[in-house]
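What follows is one structure encoded as structure tokens, with my remarks underneath.
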Amino acid sequence: MGLEAAAEQLKAIQAEQNLQKDAETKKRSNQEEVIYHQWATFKVDDELYGVDVVQVKEVLRYSEITPVPGSDHFIRGIINLRGNVVTVIDTRQMFGLMPHTPDDETRIIVVEYNEQEVVGLVVDSVDEVINLPQNDIDRAPNATGEETTKRFVQGVCYYNNILIILLDLLKMLQSITPVDADDDVF
């Protein structure tokens, strides 16, 4: 093979490689970049719910909760968590479900409400942390007239053929936080 033939063959190989690179680049640009979001899942009344994993501080075994006289029906009471008082909310009561006697599976999920406050959520059991593609999450259907739960639902998603109801913790906790009377004073 002469020098000119080798140069021609090298040019042909480089041209083919450039075509492959261009096709790969075009293919990548046509694909949407999938954004995943992590959710901590738990069960309440055999339904699977999820909350943003970033807001979950820890999961505790169910323990004795001190009742608070005069509190709303969905506030189970308070617990002492390493010197901090944590309000504990009964998710079953909040969602308008039948009460449930705590068992070995019952947990308290401690979530961050704002930078100064954490809240505990009593759930029937804790499931797992999952990654869901953002574009697989659908808006919550308006199939029910029940306002107690629907207003807290951020969306729904199927994961391994199981429907997961994704909760908006901020909306949920803001709906039960009493307005401070001092805020209205000028």
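The values are calculated or read from the model by the stated rules, or taken from the named source; none is laboratory data. None of the values given here were measured: they were computed from a predicted structure. Backbone-built Cβ (ideal geometry, glycine too); neighbour counts: all protein chains shown.
Please work out if Asp52 is more than 16 Å from the chain's Cα centre (by Cα) and either exposed (fewer than 10 other Cβ atoms within 10 Å of the Cβ) or touching a residue at least 60 places away in the same chain (Cβ under 8 Å) (or both).
On the way: more than 16 Å from the chain's Cα centre (by Cα): no; either exposed (fewer than 10 other Cβ atoms within 10 Å of the Cβ) or touching a residue at least 60 places away in the same chain (Cβ under 8 Å) (or both): yes.
In short, no.
So for the stretch 125-132 (the condition being over 14 Å from Leu173 (Cβ atoms), out of contact with any Ser or Thr (no Cβ under 9 Å at 6 or more places or on another chain) and in the same structural domain as Glu58 (by TED's automatic domain parsing)), does at least one residue qualify? Write out each step before concluding.
Initial filter on the stretch 125-132 (over 14 Å from Leu173 (Cβ atoms)): 125-132.
Applying the additional criterion that residues be out of contact with any Ser or Thr (no Cβ under 9 Å at 6 or more places or on another chain) yields 131-132.
Filter once more, so that each one left must be in the same structural domain as Glu58 (by TED's automatic domain parsing): 131-132.
Yes: one or more hits.
Yes/no matrix, rows are residues, columns are (1) more than 29 Å from Asn135 (Cβ to Cβ); (2) over 19 Å from the mean Cα position of the chain (by Cα); (3) buried (at least 19 other Cβ atoms within 10 Å of the Cβ):
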| residue | (1), (2), (3) |
| --- | --- |
| Trp39 | no, no, yes |
| Val59 | no, no, no |
| Phe74 | yes, yes, no |
| Gly83 | yes, yes, no |
| Thr87 | yes, yes, yes |
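Given the conditions (1) touching a Phe, Trp or Tyr at 6+ places or on another chain (Cβ under 8 Å); (2) in contact (Cβ under 8 Å) with a residue 40 or more places away in the chain, which single one is not true for Gln38?
Against the list (1) touching a Phe, Trp or Tyr at 6+ places or on another chain (Cβ under 8 Å); (2) in contact (Cβ under 8 Å) with a residue 40 or more places away in the chain, Gln38 comes up short only on (1).
Just to be sure I understand, how many residues within the stretch 107-123 are out of contact with any helix residue (DSSP H, G or I) (no Cβ under 8 Å at 6 or more places or on another chain) and buried (at least 16 other Cβ atoms within 10 Å of the Cβ)?
Selection size over the stretch 107-123: 6.
What strands (runs of 3 or more DSSP E), lying completely within the stretch 26-67, carry at least 3 residues that are over 20 Å from Gly96 (Cβ atoms) and at pLDDT 90 or above?
So the answer is 36-44, 56-61.
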